[in-house]
Amino acid sequence: MSSPASIDRSTELLQADHDHLIHPHLPLAESSRVIFAEGQGCRLTDIHGRDYLDATGGLWLAQIGHGREEIAEVAAAQMRKLEYFTSFWDFSNDRAVQLAQKVISLAPPQMQKVYFTSGGSEGTDAAIKTVRYFNSQRGRPEKNWILSRTNAYHGLAYGGGTATGFAEMTSGQGPLLPHVTHLTPPHSFRQHLFGGEDVTGFCVRELEERIQQIGPDNIAAMIGEPIQGVGGFVIPPEDYWPRIQEVLRRHDILLIADEVVTAFGRTGSWFASPDLGMEPDIIVTAKGISSGYVPLGAVLMTSEVADAVTEGHGYPVGYTYSGHPVACAVGMKNLEILEDENLLEAAHRIGKVLREAAQPMLDELEVVGEIRQVGMGMALELVTDRESRTPLPQPGVSIADAIRDETGVITRISSDTNLVLSPPLVMTEDEAIQAISGVESVLRRVRADGSIA
């Protein structure tokens with residue numbers, strides 16, 4: 001039972017949160033708040049003492065779970081030794097060098113150089129600057145257009161935010177970054193997008209047409225998530241990325257793989273791009289590189305790209321915390337845990353448990369139109385009925401909120417009508433079954449209009 005003092009403190013925190021904190025995608029008038037105070041493994045505890053099962057990994061990133069004492073020890077030890085010094089000019093630190101070497105050892109073989117950031121949004125902005133500067137250095141400054149996709153998510157900074165393909169995330173913020181255009185995503189379930197045409201065939205034809213409209217000599221790069229995360233964990237057809245890349249190569253257009261969600265074990269591999277037939281020139285990472293214990297990201301490049309953008313006065317992208325020694329020490333320990341505990345294999349094994357536990361919903365519930373799953377990423381496409389594939393209207397009370405409030409399982413609604421799970425890779429079989437049970441208990445009561453009985 002909570003003491004009067006703890007109740008008073010909880011009330012004070014809730015009021016202070018409402019009065020002073022701005023939350024992404026939450027109207028200030030919204031009174032609902034869930035304030036967490038502790039975490040261990042896949043479990044979270046709020047300020048009222050209620051326990052929750054984290055089936056989202058925060059935002060796709062708590063690979064090694066919450067509350068790892070060994071991470072805290074590494075961070076504290078590094079702070080005592082060297083808490084920070086700049087990585088600008090000829091300065092470096094041993095932790096940044098070690099982590100760069102480790103990341104390259106795990107990356108696809110064409111990746112040879114690393115630039116550290118504080119997260120994915122910084123990384124996508126750096127990648128866009130890099131491909132434009134790459135072409136400028138080669139005497140082609142007009143080759144600066146960026147191809148992206150609708151329902152893509154590349155962060156919400158200025159450059160990456162423009163590449164992000166959700167209108168509601170950029171509305172009212174213009175003028176946005178110029179020379180960015182969006183293509184149709186390979187979302188096979190939404191057949192109306194393709195007019196009966198083969199999905200990959202449609203996307204390749206559209207790409208060719210857009211290149212001709214803009215002019216191949218004006219296009220620097222295409223940026224794409226191997227699997228679209230926020231867009232609803234959309235897994236492309238097997239031939240999509242190989243055929244898209246063939247077109248890009250033929251027109252001398254670079255490929256940026258945004259692996260902020262997928263890298264470092266989420267899909268059961270260190271990187272998802274090779275599994276999907278991508279051979280990118282640049283890979284943007286974050287999230288799983290530190291499992292969220294500190295803000296950290298890494299932009300990987302081929303030697304060809306890196307050599308061009310570091311000529312002359314050097315790489316013209318600089319973030320204060322690039323190569324932060326504490327962040328890099330934590331990143332090294334995080335990758336060590338992923339290896340030592342075989343968490344990439346666990347992603348496959350527990351991901352299979354999640355899929356098998358969820359399968360009856362696809363067979364029995366009209367509201368579940370499709371289940372997409374790779375490793376520890378899964379989305380349930382919510383529809384009014386499976387035959388029409390009409391997206392489920394947004395309910396007055398969010399389905400994810402109902403699951404959380406009624407069962408303590410934390411999920412999220414992504415791209416309006418996708419229920420997404422992206423748990424820590426340390427999730428147990430029992431926890432996986434508990435997560436699906438919580439989801440099912442609410443989905444069984446969802447009506448065709450999106451309301452919950």
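The one condition from (1) buried (at least 16 other Cβ atoms within 10 Å of the Cβ); (2) over 28 Å from G351 (Cβ atoms) that L176 does not meet is (1). Only one entry of E304, E206, E238 meets the criterion of being modelled with pLDDT of 95 or more, in the same structural domain as V97 (by the TED database), closer than 30 Å to I350 by Cβ and of a type in the set (D, E, K, R), and that entry is E238.
For (1) of a type outside the set (S, T, Y); (2) within 18 Å of the chain's Cα centre (by Cα); (3) not assigned by the TED database to the domain that holds G288, each residue gets a yes or a no:
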| position | (1), (2), (3) |
| --- | --- |
| T384 | no, no, yes |
| R389 | yes, no, yes |
| A402 | yes, no, yes |
| E406 | yes, no, yes |
| T411 | no, yes, yes |
| S414 | no, yes, yes |
| P424 | yes, yes, yes |
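Taking A107, is it under 24 Å from G229 (Cβ atoms) and in contact (Cβ under 8 Å) with a residue 24 or more places away in the chain? Give the derivation first.
On the way: under 24 Å from G229 (Cβ atoms): yes; in contact (Cβ under 8 Å) with a residue 24 or more places away in the chain: yes.
Here the answer is yes, as A107 does meet what is asked.
Residues that are over 28 Å from D281 (Cβ atoms) and of a type in the set (D, E, K, R) occur in the stretch 91-114; there is at least one. Close Cβ contacts (under 8 Å, 6 or more residues apart or on different chains) running from residues in the stretch 352-365 that are under 9 Å from A432 (Cβ atoms) to residues that are open to solvent by 50 Å² or more (accessible area, probe 1.4 Å) and in a helix (DSSP H, G or I) comprise V353/E429; V353/I433; A357/I433; A357/S437.
May I ask you to say which residue of A127, A152 is assigned by the TED database to the domain that holds S322, aliphatic (A, V, I, L, M), within 21 Å of Y240 (Cβ to Cβ) and in a loop (DSSP other than H, G, I, E, B)? When all the criteria are applied, what remains is A152. Of all residues in the stretch 179-215, those satisfying the criterion of being free of Cβ contacts under 8 Å to residues at least 12 places away in the same chain, open to solvent by 30 Å² or more (accessible area, probe 1.4 Å) and under 25 Å from Q137 (Cα atoms) are Q212, Q213. In the stretch 421-453, the residue that is modelled with the lowest pLDDT out of those that are farther than 16 Å from T407 by Cβ and open to solvent by less than 10 Å² (accessible area, probe 1.4 Å) is G450.
Flag set for Q373, criterion: open to solvent by 40 Å² or more (accessible area, probe 1.4 Å), in the same structural domain as T56 (by the TED database) and within 18 Å of the chain's Cα centre (by Cα).
The values are calculated or read from the model by the stated rules, or taken from the named source; none is laboratory data. As the structure is a prediction and not an experimental result, all values here were calculated from the model. So basically every Cβ, Gly included, is an ideal-geometry build from the backbone, and we count neighbours across all protein chains shown. For accessibility, only protein heavy atoms count, side chains too; no ligands or nucleic acids. Shrake-Rupley method; radii C 1.70, N 1.55, O 1.52, S 1.80 Å.
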